[in-house]
Amino acid sequence: MDDCLRLALLECDYTSPVRRSLSRQNVQDRQARHGELLRAPVAGSVAEARWTEHALLRSAVPAGADPVIRGLDGIAAFPDLRVLHLPASAVPDLTPLTELPSLALLSVGVTPATDLRPLLDCPRLTRVDVPASAAQHDVLVALAARGVHVDQLLPARDAAPFGNPILKLAVLDLLGVPLSLPEPFDEYHLDDANLTRVLAIELTEQQLDSVERLHWAGGGYAIQHAVWPQWDGETGEFDLRSLRGIESLRNLKQLQVTPLSLLPPAELAALRATGVTVTELYGGH
């Protein structure tokens, strides 16, 4: 088995005492235990494998060693695998995936020559993030036709009618627009593809005209956790920094934002000049 693939499996074996012990060690100590990690048993019932830039065990790969998964041989020994989140990979053969009867979420890097057709023999797939050449595009289309969410088939991100995606999130949340999103690959990081899916939701003029009071803060809104389920609210990814496109809210009377100081003064002045009251929002919503 590829060394990094084994580490990706061990990454999600939370019963492993060796894996648990690494969270308390620095990078140098983790790298010193690389050989021990490769010998550590992985529970056959492990349901996930993860190999991303954030993976704990990726920091255990010695300096100068290849940190990329180069093959999936041996993965059939873990038939309970449901999630493979392996973007840090360049896999030439996807055939081993057909031996995983429970595989539902797949994110994997491939080589330019990789044949994607084995994915058609994975009946329980619900979401796929696999780069495809033009010649393999039909495989992705076939997956989508049977109901699989294919990230590569998403349109370019567009927050229309707003020029700021965060502003659109605020409006969508206020309107209570229902969201139908696939399960995320990683609850602890922003899901860019699901964010694109949310921003692709079209708003009617009737919906836009119904907005008279809009409020937004850096945290505490359901739509934020829809695209980043375990977001801790302590970073600024969802801060509103522009009001571009707010003129689409023709009946807006009041805007409350925290932190208000991040918005351009000229945009605030222009909005106030139209008669809209703009204030800081405190204490949630």
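The values are calculated or read from the model by the stated rules, or taken from the named source; none is laboratory data. Note that the coordinates shown come from a computational prediction; the quantities given were computed from them, not determined experimentally. Ideal geometry is used to build each Cβ from the backbone, glycine not excepted, and the neighbour counts take in all protein chains shown.
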Those residues of segment 144-155 which are at pLDDT 95 or above and either under 9 Å from residue 196 (Cβ atoms) or in contact with a Phe, Trp or Tyr (Cβ under 7 Å, 6 or more places away or on another chain) (or both) amount to 151, 154
List pairs: first residue in segment 269-281 and surrounded by 12 or more Cβ atoms within 10 Å (Cβ to Cβ), second residue of a type outside the set (Lys, Arg) and in a helix (DSSP H, G or I) anywhere in the structure, Cβ distance under 7 angstrom, at least six positions apart or on different chains.
271/246; 278/268; 278/271
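Output the residues belonging to segment 41-69 that are within 30 Å of residue 124 (Cα to Cα) and either more than 23 Å from the chain's Cα centre (by Cα) or not in a loop (DSSP other than H, G, I, E, B) (or both).
Listed by number, the residues that qualify are 41, 42, 43, 44, 45, 48, 49, 50, 56, 57, 58, 69.
Please indicate, with yes or no, whether at least one residue in segment 170-186 is outside any loop (DSSP other than H, G, I, E, B) and exposed (fewer than 13 other Cβ atoms within 10 Å of the Cβ).
Step one: filter segment 170-186 for residues outside any loop (DSSP other than H, G, I, E, B), giving 170-175.
With the extra rule that they be exposed (fewer than 13 other Cβ atoms within 10 Å of the Cβ), the set shrinks to none.
No, segment 170-186 contains no residue that is outside any loop (DSSP other than H, G, I, E, B) and exposed (fewer than 13 other Cβ atoms within 10 Å of the Cβ).
Show me the helices (runs of 4 or more DSSP H) found entirely inside segment 192-236 where at least 1 residues are under 14 Å from the mean Cα position of the chain (by Cα) and surrounded by fewer than 20 Cβ atoms within 10 Å (Cβ to Cβ).
Numbers: elements: 192-199, 205-209, 222-227.
So the answer is 192-199, 222-227.
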Quick check: is even one residue across segment 146-164 surrounded by 13 or more Cβ atoms within 10 Å (Cβ to Cβ), in contact (Cβ under 8 Å) with a residue 40 or more places away in the chain and of a type in the set (S, T, N, Q)?
yes
For the structure I just gave you, tell me whether residue 50 is touching a helix residue (DSSP H, G or I) at 6+ places or on another chain (Cβ under 8 Å) and touching a residue at least 60 places away in the same chain (Cβ under 8 Å).
yes
Report the residue count in segment 115-135 for those that are surrounded by fewer than 20 Cβ atoms within 10 Å (Cβ to Cβ) and either over 25 Å from residue 227 (Cβ atoms) or not assigned by TED's automatic domain parsing to the domain that holds residue 85 (or both).
9
Cβ pairs under 6 Å, 6+ apart, first in segment 206-234 and within 20 Å of residue 279 (Cα to Cα), second of a type in the set (S, T, N, Q) and at pLDDT below 95:
217/258
For the structure I just gave you, tell me whether residue 242 is of a type in the set (Gly, Ala, Ser), farther than 22 Å from residue 179 by Cα and within 28 Å of the chain's Cα centre (by Cα).
yes
Which residue pairs have Cβ atoms closer than 6 Å, lie 6 or more positions apart in sequence or on different chains, and pair a first residue in segment 251-265 that is modelled with pLDDT of 95 or more with a second residue that is of a type in the set (Ser, Thr, Tyr)?
254/277; 256/279
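If you check residue 30 against the conditions, is it assigned to a helix (DSSP H, G or I) and in contact with a Phe, Trp or Tyr (Cβ under 9 Å, 6 or more places away or on another chain)? Full working, then the answer.
Working: assigned to a helix (DSSP H, G or I): yes; in contact with a Phe, Trp or Tyr (Cβ under 9 Å, 6 or more places away or on another chain): no.
For residue 30, the condition - assigned to a helix (DSSP H, G or I) and in contact with a Phe, Trp or Tyr (Cβ under 9 Å, 6 or more places away or on another chain) - is not met.
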Please go through segment 33-82 and give me each residue that is within 25 Å of residue 101 (Cα to Cα), surrounded by 14 or more Cβ atoms within 10 Å (Cβ to Cβ) and among the polar types (S, T, N, Q), ordered by number.
52
